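Participant: There's a structure below that I have some questions on.
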Amino acid sequence: MIAKKHIIDRFIKYVTIDTESDPNNPNFPSSENQWDLAKILKEDLKAIGLQEVILDENCYIMATLPSNIDYKVPTIGFVAHIDTSPDFTGKNVKPKIVEDYQGNDIVLNEEKNIVLSPDYFEDLLQYKGQTLITTDGTTLLGADDKAGVTEIVTAMEYLIQHPEIKHGKIRICFTPDEEVGKGAHKFDVNKFDTEWAYTMDGSQIGELEYENFNAASAKVTIQGKIVHPGYAKGKMINSIHIANEFISELPAEEVPEKTTGYEGFFHLHDITGSVEKTVLEYIVRDHDFELFTQRKNLFQRIAKDINERIGQQLITVELKDQYFNMKEKIVPVMHIVDMVEEVMKDIGVTPIIKPIRGGTDGSQLSYKGLPCPNIFAGGHNFHGRYEYVPVESMIKATEVIEGIVAKVVEKYK
């Protein structure tokens, strides 16, 4: 049994190191501070007894737990990312520990009146009687994905300390820059050398995911013409007005805040504009590849229609695919998902099998030849001040890892 204090101490050690990635920096990793945690993890992995611990020039940390059996079973891996989201600051994280939570409001920051309330975040009520780790209301927590990092390190340590749990060779990897979509870009699948792997990067306890969005970015640039407004008739072209027209042509109900499950969306996440030039930046998402293609085509059609109506080529659209639905790569090896479902049931966790409304390193790794479903890490409300994680969920996640490696031996003996 994992000691609660031990996993809390390790988690707090990791989340108090700022590793926020930078979407505007083309360097790899995108922020120098990711090296701070990477170097600590390298030493931690050596200290618990892992072998072949390597921190490479791109800030990937890989390590090996050798087999403790005398016959061959598949080598499997576990993956988590060390960076935190640039959506909200990860600097000066000050975690708060709430023991024996009773379903009440949690005051994160009294001075700023920031409250984590089950009236709004109903999932809190699942965790009555448990220990929660929250933010102080001024930063994110970093459970995405330092909970996953903590769980993998803790599980490896437990397996080393309990050789009676039989397992094959296990590989682990911690990646940089997942939050800015680059986490798998320089992942050396051949060097990792596993038959399949799992990302520990899901949310609430029980989540098990092998489907994710197809994803693209769309940059819409609208050129206008500025002249003195007093003499503008027939001459001025206000790019902001054209941008408004473009936005209104997209389905108003197909946005993140109005969709769920398998429903796709268009998400306008940034806009900069003046009369002379306006730029709209979108992300485009859908689980169904045909619908995903239709969504991208809609951008081009709207731009074409408006350009033809105005009689000038004022709108250009730049579309870039980001990642694809890993379901196509997982279904042929569905036993690697079924195995996790069995393990969860064995340890009293109810599997929640659902599509990811996003993407993980696992989706890109699956397309690089490494099938990689996603398992819960336990956190909630990622990327913001209301993020929290139940300690008991992290402990269960470590038990899932331990159960998987034992199940592989059982299945392939």
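Since every read-out is calculated from the coordinates, none of them should be taken as a lab result. Everything quoted here is computed from the prediction, not taken from an experiment. Neighbour counts run over all protein chains shown; Cβ positions are idealised from the backbone, glycine included.
Participant: Please give the Cα centre distance for region 38-75 versus region 339-413, rounded to the nearest Å.
Facilitator: 20
Participant: Right, something else. Going toward the positive end of the dipole of region 309-356, with +1 on Lys and Arg Cβ and -1 on Asp and Glu Cβ, which of Leu314, Val349, Met334 do you reach last?
Facilitator: Leu314
Participant: Between Gln312 and Phe28, what length comes free when the chain is fully extended (0.36 nm per residue of separation minus the Cα-Cα distance, one decimal in nm)?
Facilitator: Separation in residues times 0.36 nm, less the Cα-Cα distance, equals 98.2 nm.
Participant: Going Cα to Cα from Lys233, which aspartates and glutamates come in below 12 Å? Please leave out same-chain ones fewer than 8 positions away.
Facilitator: List returned: none.
Participant: OK, next. Need one word for region 77-178: rounded, prolate or oblate. Basis is the Cα gyration tensor (sqrt eigenvalues a ≥ b ≥ c); a/c below 1.5 gives rounded, then a/b vs b/c decides. All intermediate terms of the calculation are to be shown ahead of the outcome.
Facilitator: Numbers: a/c = 2.95, a/b = 1.65, b/c = 1.79.
Oblate shape, in that a/c is at least 1.5 and b/c is the bigger or equal ratio.
Participant: For labels at Glu111 and Ile352 in the simple 7 Å Cα→Cβ model, what's the distance in nm?
Facilitator: 3.4
Participant: Taking 0.36 nm per residue of sequence separation and subtracting the Cα-Cα distance, how much length would be gained by fully extending the chain between Ile165 and Asp136, in nm to one decimal? Mind showing how you got there, number by number?
Facilitator: Numbers: separation 29, 0.36 × 29 = 10.44 nm, distance 3.88 nm.
Net length gain for the segment: 6.6 nm.
Participant: Going by Cα centres, region 202-276 and region 142-190 are how many Å apart?
Facilitator: Each part's Cα centre sits 36 Å from the other's.
Participant: Too long at a 23 Å Cα-Cα cut-off: which of Lys146/Lys320; Lys5/Lys146; Lys91/Lys258?
Facilitator: Details: Lys146/Lys320 29 Å; Lys5/Lys146 16 Å; Lys91/Lys258 31 Å.
Over 23 Å Cα-Cα: Lys146/Lys320; Lys91/Lys258.
Participant: Also: Going by average Cβ density within 10 Å per residue, which order do the peptides 148-156, 183-191 take, highest to lowest?
Facilitator: Details: 148-156: 27.2, 183-191: 17.3.
So the peptides 148-156, 183-191, ranked by packing, come out 148-156, 183-191.
Participant: Hey, if you put +1 on the Cβ of every Lys and Arg and -1 on every Asp and Glu Cβ in region 14-89, which of Thr64, Phe28, Tyr14 ends up farthest toward the positive end of that dipole?
Facilitator: Looking along the dipole axis, the top candidate is Thr64.
Participant: Take the Cα of Thr16, step 7 Å along the line toward its Cβ, and report every residue of region 371-413 whose backbone nitrogen sits under 16 Å from that point.
Facilitator: none
Participant: In the chain, if the dipole is taken from +1 on Lys/Arg beta carbons and -1 on Asp/Glu beta carbons about the Cα centre, which of Ala47, Thr84, Asn214 is farthest to the positive end?
Facilitator: About the Cα centre, the residue reaching furthest to the positive side is Asn214.
Participant: Sort 138-146, 33-41 by packing, meaning the average of other beta carbons within 10 Å per residue, with the highest value first. Don't skip to the answer; put the middle values down first.
Facilitator: On the way: 138-146: 27.2, 33-41: 19.2.
Most protected by this proxy first, the peptides run 138-146, 33-41.
Participant: Within region 204-248, name every residue whose backbone N is under 18 Å away from a label modeled 7 Å from Cα of Glu257 along the Cβ vector.
Facilitator: Those under the cut-off are 244, 247-248.
Participant: Now for a separate question. Mind putting a number on the dipole of the chain about its Cα centre? Charges go on the C-beta only, +1 for Lys and Arg and -1 for Asp and Glu, and I need it in Debye to the nearest 20. Can you show the working numbers first?
Facilitator: Working: 44 positive and 65 negative charges, 169 e Å.
Approximately 820 debye in magnitude.
Participant: If you line up the long axis of helix 143-161 against the longest principal axis of the chain, both from Cα atoms, how many degrees apart are they, to the nearest 10?
Facilitator: Taking the Cα atoms of the chain, the angle to 143-161 is about 20 degrees.
Participant: A further question follows. Starting from 0.36 nm per residue, how many nanometres of slack lie between Gln102 and Tyr412 once their C-alpha separation is accounted for?
Facilitator: Numbers: separation 310, 0.36 × 310 = 111.60 nm, distance 4.40 nm.
Contour length minus the Cα-Cα distance gives 107.2 nm.
Participant: Enter the per residue convex hull volume of the chain, computed from alpha-carbon coordinates, in Å³ rounded to the nearest integer. Intermediate results must be reported in sequence, preceding the final value.
Facilitator: Values: hull volume 64.0 nm³, N = 413.
Dividing the Cα hull volume of the chain by its residues yields 155 Å³.
Participant: Kindly state, to the nearest 0.05, the FRET efficiency for His6 paired with Asp321, given R0 = 45 Å and r defined as their beta-carbon distance. Walk me through the numbers before you get to the answer.
Facilitator: On the way: r = 42 Å, r/R0 = 0.94.
Calculated value: 0.60.
Participant: Additional query: If you take the beta carbon distance between Lys46 and Lys72 as r and set R0 to 30 Å, what does 1/(1 + (r/R0)^6) give as a FRET efficiency, to the nearest 0.05?
Facilitator: That pair, Lys46 with Lys72, gives E of 0.70.
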